[in-house]
Each structure stands twice: as C-alpha cells, then as structure tokens.
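The values are calculated or read from the model by the stated rules, or taken from the named source; none is laboratory data. Not measured: the values here are computed from a predicted model. Neighbour counts are summed over all protein chains in view; Cβ atoms, including those assigned to glycine, are modelled from backbone coordinates with ideal geometry. Calculation scope for accessible area: heavy atoms of the full protein, side chains included, ligands and nucleic acids excluded. Shrake-Rupley method; radii C 1.70, N 1.55, O 1.52, S 1.80 Å.
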Amino acid sequence: MDKGISKGRIYEILRFGIVGTAAMVIHYGIYFILLPYLDKNIAYTIGYVIGFLCNYAMSSFFTFRVRPTWRRFFRFAGSHGINFFVYIGLFNFFCWTGIHPKWAPIPVYAIAIPVSYLLVRFALKTKQKTCEEEIRNDDEKE
C-alpha cells in the first residue's frame, strides 16, 4: 500500500532545497557583483553558468548521491539548458514589466525552481546500465 512520499524522497527534496538555495545565492551574488559592469543579460548568464557548475557538483554528491559521470553531466547540462531559456525569458519579462534588473531574478527563482527540481532529478536519477548489465542483456538476447 502506498503511503505517499517516502522518507528518503522527503530528505532528497530537502537536500535539493539546500543545494538549490546555495546555487541560487552563487548565481545571484555573481550577477549582483557584475551588474554594474556588464549588460544585465551577460551578467545574468555568467552567474548562471558558475551557479550551474557548482550545482552539478553539489547535486551529484549531496542531493542525489550519485557518482558524477560525463553522461550525467551532459544530461544535467541539457536540463539546465532548458532551465536557462526559461530563466532568461522570465528575467527579461520581469525587467520589461518595470522590475529593476537588480531585483528581477527573485520572482524568476520563485517560478522556475520547482520545474528545475523535476528536470534535474530526471537527469541525475535515471538509472544507467553498468557494463556488466549491458553484457548480460546482450548474452540473454543470443
């Protein structure tokens, strides 16, 4: 009988929140520092990329407790590529509505972070076959 969300999943969501908050602070901090010197979109993108790299390491080791691999990195990058366009689109939308560029990332985070959890979880937790499993599957087919 299903009793709802498992204890392990709840802890995973809490760890995601911790890592996501850290990545968001890194992103926003770098953006905030660069904003006086660069175009808002360039400053936002640089902050996003640095936050992304930190997020991958923290998500792998702490949130989902998986070994980082190139395959996971590219899946993670793919999910964040989608996220980036959502983030930058919302960011420019909020700037267009009159929110000062200094504060525009805040409503972006409120909207985009829940979507990010689902995309990142899929990117990192989708089971990958080991070499031994692939050999076994090939042997069974013969």
Sole exception among (1) over 16 Å from SER116 (Cβ atoms); (2) open to solvent by 40 Å² or more (accessible area, probe 1.4 Å) for VAL86, by number
(1)
Which residue pairs have Cβ atoms closer than 7 Å, lie 6 or more positions apart in sequence or on different chains, and pair a first residue in the range 11-35 that is acidic (Asp, Glu) with a second residue that is open to solvent by less than 40 Å² (accessible area, probe 1.4 Å) and part of a helix (DSSP H, G or I)?
GLU12/THR63
Over 17 Å from the mean Cα position of the chain (by Cα), within 20 Å of PHE64 (Cβ to Cβ) and modelled with pLDDT of 85 or more: which single residue out of ILE26, ILE10, ILE42 fits that description?
ILE10
Quickly run through the range 111-124 and pick out the residues that are within 17 Å of PHE52 (Cα to Cα) and open to solvent by 70 Å² or more (accessible area, probe 1.4 Å).
PRO114, VAL115, LEU118, PHE122
Is it the case that the range 24-31 has a residue that's within 17 Å of ALA110 (Cβ to Cβ), open to solvent by 50 Å² or more (accessible area, probe 1.4 Å) and not aliphatic (A, V, I, L, M)?
no
Among the residues that make up the range 33-44, is at least one of them of a type in the set (A, V, I, L, M), open to solvent by 40 Å² or more (accessible area, probe 1.4 Å) and closer than 16 Å to TYR109 by Cα?
no
Quick check, is PHE91 under 18 Å from ALA123 (Cβ atoms) and crowded, with 16+ Cβ neighbours inside 10 Å?
no
